[in-house]
Amino acid sequence: LDKDPFLIAALPQQYSGEEYLAASFDCTVVIVLSVMGMSLECGSLMMGLTFFDNCANVLHCCLHGIGCIGVTGLMLAIGHYGHLWTIFWLAGLTPLLVEAAALLGLFWLGH
């Protein structure tokens, strides 16, 4: 997957190399954070820690579904990579916080 079209869509017509590198770094950061969050959620789910927490699972499915729709729309429109941050805040960080709250309830508040 080439991120250049998404970076160029975000940059002005006459952009410098520094602007391109800054945008590329920002895009890489949001992608890495998203993958890390998804890995932590998946690891917790696969270990069975929150497997039977129906509320958390429904929220995960809904929020990640919204994220998939958002990323698909971004890919089809070749839009501004900055929209990845919006998708991350809604469909990446929020489910991670839901997972953290479920784990907190399981381990700390359950005692």
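The values are calculated or read from the model by the stated rules, or taken from the named source; none is laboratory data. Every value quoted in this text rests on a predicted model; they were computed, and no experiment measured them. Backbone-built Cβ (ideal geometry, glycine too); neighbour counts: all protein chains shown. Ligands, DNA and RNA are excluded from the accessible area calculation, which covers all protein heavy atoms including side chains. Shrake-Rupley method; radii C 1.70, N 1.55, O 1.52, S 1.80 Å.
The distance separating the Cα centre of region 50-72 from that of region 93-110 comes to 14 Å. Each of Ala22, Leu45, His83 was placed along the dipole of the chain (beta-carbon charges, centred on the mean Cα), and the one lying farthest toward the positive end is Leu45. For region 56-61, the Karplus equation 6.51 cos²θ - 1.76 cosθ + 1.60, evaluated at θ = phi - 60°, returns couplings of 5, 5, 5, 5, 4, 4 Hz by residue, with Gly and Pro reported as x. A cut-off under 12 angstrom between Cβ atoms defines the neighbours of Thr50, and their net charge, with Lys, Arg +1 and Asp, Glu -1, is -3. Would you tally the net charge around Glu99, using a Cβ to Cβ cut-off of less than 10 Å, leaving Glu99 out, and scoring K and R as +1, D and E as -1? Local charge sum for Glu99: -2.
In this view, the solvent-accessible surface of Ser34, computed with a 1.4 Å probe and all protein chains in place, comes to about 50 Å². Over every Cα atom in the chain, the radius of gyration and the widest Cα-Cα span, Dmax, amount to 16.9, 60 Å. Shape class of region 16-55 from the Cα gyration tensor (axes a ≥ b ≥ c, square roots of the eigenvalues): prolate, since a/c reaches 1.5 or more and a/b is larger than b/c.
The local environment of His64, defined by Cβ-Cβ distances under 14 Å, has a net charge of -2 under the rule Lys, Arg +1 and Asp, Glu -1. Backbone geometry of region 4-16 corresponds, through the Karplus equation with coefficients 6.51, -1.76 and 1.60 at θ = phi - 60°, to 3J(HN,Hα) couplings of 4, x, 6, 6, 5, 5, 8, 8, x, 3, 10, 9, 8 Hz, x marking Gly and Pro. Among Phe25, Phe51, Phe88, the sequence by solvent-accessible area, most first, with a 1.4 Å probe is Phe25, Phe51, Phe88. Looking only at region 65-85, which residues have a backbone nitrogen under 15 Å from a spot 7 Å from the Cα of Val29 in the C-beta direction? Taking a point 7 Å out along Cα→Cβ of Val29, the residues of region 65-85 whose backbone N falls under 15 Å are 81-85. Counting only protein chain heavy atoms and rolling a 1.4 Å probe, the accessible areas of Trp89, Trp108 rank, largest first, as Trp108, Trp89.
Relative to the present Cα-Cα distance, how much length would full extension add between Ala101 and Asn57 at 0.36 nm per residue of separation?
14.6 nm
For region 14-108, relative contact order (Cα pairs under 8 Å, six or more residues apart, normalised by length) works out to 40 percent.
Between the amide H of Tyr81 and those of Ala10, distances stay under 5 Å, these residues lying 5 or more places away or on another chain, with hydrogens modeled in the peptide plane.
Each residue of region 39-48 is assigned a 3J(HN,Hα), and the resulting list reads 5, 5, 5, 5, x, 5, 5, 5, 6, x Hz, derived from the Karplus form 6.51 cos²θ - 1.76 cosθ + 1.60 (θ = phi - 60°), x at Gly and Pro.
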